[in-house]
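I have placed the structure first, in the form of structure tokens, so that the comments after it can refer back to it.
The values are calculated or read from the model by the stated rules, or taken from the named source; none is laboratory data. Not measured: the values here are computed from a predicted model. Positions of Cβ are generated from backbone atoms using ideal geometry, with glycine treated the same way; all protein chains shown enter the neighbour counts. Heavy atoms of the whole protein, side chains included, go into the accessibility calculation; ligands, DNA and RNA do not. Shrake-Rupley method; radii C 1.70, N 1.55, O 1.52, S 1.80 Å.
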Amino acid sequence: MQLIDGKSLSKKVQEYVRSEVEMLKSEKNIVPGLAVVIVGDDPASHAYVSMKEKACKNVGFYSIAHKMPSTITQEEIIKIITMMNKNPHIHGILVQLPLPGHIDTNKILEVIDPKKDVDGFHAYNVGRMVTNLDSFVACTPLGVMKMFEEYEIELEGKDVVVVGASNIVGKPMASLLLNANATVTVTHVYTKDLASHTKKADIVIVGVGVPNLIKEDMVKEGAIVIDIGINRLEDGSLVGDVDFANVSPKCSYITPVPGGVGPMTIAMLLSNTLNAAKQFGEEN
């Protein structure tokens, strides 16, 4: 069993981004800029945003966080995003999800300029990704693909089960795997007999937010398991969606929680923002 170390790979990606930022600054006088929109006071969302701000500072980005009360209107959020679309110093815009119930999330995401959609959630980028065209790709699935590349895990012809069908993780993950010529099964909350699918898979990728959902008897010997879930238990400890202690001995590769996919999500956000700034430099 080999651990897939997302923490060290994330550092490697950030080192590359930092060196590219220095080059971009010296050659074109461009400093990549990332703007984050956060609505309300969800503690997990604020923790993620502060991690993103720290990562931006670490690689030399300009970053700004628009923190808004949960009572803000949809029109006011749209006005702020429209303003950032026009700001030449902002190359990436992301809206921290989830948004309060009175806000239409899809409408908000559609307002973001696709060239600044570094989270890869705009329908324009989703469509290009599905058709295997160059696009911004959702950061978590992109981070998983980067892990496969780093550890030289071949995807072509592999049977892969994706557990979870969200727009943020499951669906883009399945599309990227299909583009890599894997045979993909997508399962979700309505799937009958989840184990019957996961047991046959060469690779299991799970991200649904259910602690220890994937048990030892649900994976075959030698499987590769990617755990995207992150759950805080009552005792304060962090666990994934996989029963790591019992599943890991059966695996050829497995990601830990924490220290697996999580750090890669932020690394890919930085990478996407860098690419957005480079594209801006080429156009201007």
**Asked** For the range 126-194, what is the Kirkwood hydrodynamic radius in Å, using each pair of distinct C-alpha atoms?
**Response** 12.4
**Cα-Cα over 23 Å, subset of Lys158/Lys220; Lys11/Lys200; Lys146/Lys171; Lys7/Lys115; Lys7/Lys158; Lys12/Lys146** = Lys11/Lys200; Lys7/Lys115; Lys7/Lys158
**Request:** Please work out the Kirkwood hydrodynamic radius for the range 83-153, using every pair of different C-alpha atoms, and report it in angstroms with one decimal place.
**Result:** 13.4
**Item:** Net charge contributed by nearby residues that have their C-beta within less than 15 Å of Asp119 (K/R +1, D/E -1)
**Value:** +2
**Fill in**
For the range 77-92, Karplus-derived ³J(HN,Hα) couplings (6.51, -1.76, 1.60; θ = phi - 60°; whole Hz; x for glycine and proline) come out as 5, 4, 4, 5, 5, 4, 4, 6, 4, 8, 7, x, 8, 9, 9, x
**Asked** Among rounded, prolate and oblate, which fits the range 1-47 when a ≥ b ≥ c are the square roots of the eigenvalues of its C-alpha gyration tensor, a/c under 1.5 means rounded, and a/b larger than b/c means prolate?
**Response** oblate
**Asked** Out of residues 5 or more away from Met68 or on other chains, whose amide H comes under 5 Å of its own, with H placed 1.01 Å from N in the peptide plane?
**Response** Ile38, Val39, Gly40
**Fill in**
Share of accessible surface on carbon and sulfur in the range 22-98, whole %, 1.4 Å probe and ligands ignored, is 58
**Request:** Once you have the Cα-Cα distance between Asn231 and Asn132, take 0.36 nm times their residue separation minus that, and quote the gain in nm to one decimal.
**Result:** 32.4 nm
**Asked** What is the dipole size for the chain, taken about its Cα centre, with +1 at each Lys and Arg Cβ and -1 at each Asp and Glu Cβ, in debye to the nearest 20?
**Response** 420
**Item:** DSSP bridge pairs, the chain: antiparallel proportion in percent, nearest 5
**Value:** 5
**Complete:** Under the rule rounded for a/c under 1.5, else prolate if a/b exceeds b/c, else oblate, using alpha carbon gyration tensor axes a ≥ b ≥ c, the range 17-116 is classed as oblate
**Mean Cα-pair separation over length for the range 88-127, i.e. relative contact order, pairs under 8 Å, 6 or more apart, %** = 44
**Potential lengthening between Glu75 and Lys57 on full extension [0.36 nm per residue; Cα-Cα distance subtracted]** = 3.4 nm
**Request:** Give the accessible surface of the chain per residue, rounded to a whole number of Å², with probe radius 1.4 Å and ligands, DNA and RNA excluded.
**Result:** 49
**Request:** Mind checking the full-extension length gain between Thr191 and Asp159? Use 0.36 nm per residue of separation minus the Cα-Cα distance, one decimal, nm.
**Result:** 9.8 nm
**Nearby aspartates and glutamates by direct alpha-carbon distance to Lys278 (threshold 15 angstrom, same-chain neighbours under 8 apart not counted)** = Glu20, Glu22, Glu27, Asp117, Asp134
**Request:** May I ask you to derive the relative contact order of the chain, considering only C-alpha pairs under 8 Å and at least 6 residues apart, and to give it as an integer percent?
**Result:** 22
**Message:** If I compute solvent accessible area with a 1.4 Å probe over the protein chains, what percent of it on the range 139-284 is carbon and sulfur?
**Reply:** 50
